[in-house]
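Take a look at the structure below.
The values are calculated or read from the model by the stated rules, or taken from the named source; none is laboratory data. In this text, all values refer to a predicted model and were calculated from it rather than measured experimentally. Cβ atoms come from the backbone with ideal geometry, glycine included; neighbour counts cover every protein chain shown. To get the accessible areas, we keep the full protein, side chains included, count just its heavy atoms, and leave off ligands, DNA and RNA. Shrake-Rupley method; radii C 1.70, N 1.55, O 1.52, S 1.80 Å.
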Amino acid sequence: MKIYKLEQQHLFKLTRKHLEKRVITHCQDNSSIAYVVQCAVAILVRNAFTPLDFSYLAKDQICSLFLERSPEELSPVRHLCVYFQAYFSKEDWHKVIQRLFKNKKEFLAVTKETRSRTDHLHAMLHSGAREPKELVDIATLFKDANGKKHRFTFKNADPCYSVQEINDLLAILGTLTIFQKDGVQRFAEIVRYIYVPTTPVYDAEKKTEEVNDWQETLYAQLIKALEVISHVKVNDKPGAGLLIESPKFIKTNCYAGKTPEEVAKHLFDGFAFDPSIDQNVLMSRMLTGLVSGLKLKDAKPMIEYNGELEDNAGKEPNSANVTKSKKQTGTNKPKRGKKKSSTFLSAEEIQKKKDQWEYEQLMRKAYVKKHGHKKKR
């Protein structure tokens, strides 16, 4: 059987499945029992900090170590047995004490220091999976046995404990002799720790995903808008042809004869997408841009769209009734002698009227520039 390494990086980084496999392999092999038991204690510390479930990892194998392996092999780590009391039934726990200690008095004496430091931590050490309110990295600074400082980080930890509880959990690492470098104990003394948020301030991948999402949204709307425009007639006169096939449209409109991809490239150029934009307003601006040959960023929502154009595309609307505003049709003008409706407008309605007025001013200026006189009303 191949024996994989079981070192510090594996204890705190591997998934439960792969970590448990390595622990079981080391338990079945003639590896140092003291080493395996201390690895199991380190995994308990990891389980306390992570919202993932590393509790009772390799439980049966750990129980077998204490119940079947020789007391001589377990002697260096018998004081650590109290970490695993929850693994045993009451009867088996009594057997463990009888195997490793002469009597109950010796058990209490040998495990006194360990129990005093950890009795209040057992619920944390054996906690299962949970839903954290937030995740942080716990960046720690330790001193080794020679007083030299070194850093260690617990990734994606749940900061749900008090300062004292976290100190006590970290201090457990200092009681284990398996973490050494050049023969020097690594986690001899905790100096400090800080919480580091795991939410990135800048995430290029997330930004790319968001851009792709809104580009897909715009392109889907463009396909609908092109479908609507394809049924629009030049006017409402009998026998009128389609707008997109009219000589004027073909000659003057930059979108004439272009593929959807080519239209999208020009139409969306320079457009800053707002996720909160009303989809009907977006469609209105898109229709205006397609009919007028404008980019979406310059197009105003002058063409009314309420979702019905797409459903009634087969009815062949014409350019006149598609582009008419309520002001042009006169539907909002109150009859003489009748009481006017409320003049209080919402901010959105005021902005729409302002946009309508600015558009009409531009159209009038363009007409005067071209014809040399004002258009008769």
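Scanning the range 59-74 for residues that are under 44 Å from the mean Cα position of the chain (by Cα) and either surrounded by 15 or more Cβ atoms within 10 Å (Cβ to Cβ) or under 11 Å from residue 96 (Cβ atoms) (or both) yields 59, 61, 62, 63, 65, 66. Scanning the range 98-129 for residues that are in a loop (DSSP other than H, G, I, E, B) and among the small types (Gly, Ala, Ser), we see that the one that is surrounded by the most Cβ atoms within 10 Å (Cβ to Cβ) is 127. Can you confirm whether residue 310 is part of a helix (DSSP H, G or I) and at pLDDT 50 or above? For residue 310, the condition - part of a helix (DSSP H, G or I) and at pLDDT 50 or above - is not met.
When residue 78 is tested against (1) more than 19 Å from residue 109 (Cβ to Cβ); (2) open to solvent by 30 Å² or more (accessible area, probe 1.4 Å), exactly one condition is not met: (1). Residues in the range 70-92 that are assigned to a helix (DSSP H, G or I), in contact with a helix residue (DSSP H, G or I) (Cβ under 9 Å, 6 or more places away or on another chain) and of a type outside the set (A, V, I, L, M): 71, 73, 75, 76, 78, 79, 81, 83, 84, 85, 87, 92. With respect to being under 24 Å from residue 153 (Cα atoms), part of a loop (DSSP other than H, G, I, E, B), open to solvent by 10 Å² or more (accessible area, probe 1.4 Å) and among the hydrophobic types (A, V, I, L, M, F, W, C), residue 6 falls outside the description. Being assigned to a loop (DSSP other than H, G, I, E, B), open to solvent by less than 60 Å² (accessible area, probe 1.4 Å) and within 25 Å of residue 191 (Cα to Cα) holds for only one residue in 132, 159, and it is 159.
Evaluate the following for residue 169: is it open to solvent by less than 30 Å² (accessible area, probe 1.4 Å), touching a residue at least 60 places away in the same chain (Cβ under 8 Å) and assigned to a loop (DSSP other than H, G, I, E, B)? In short, no.
Of all the residues in the range 20-69, those that are of a type in the set (Gly, Ala, Ser), more than 21 Å from residue 3 (Cβ to Cβ) and not in a helix (DSSP H, G or I) number 1.
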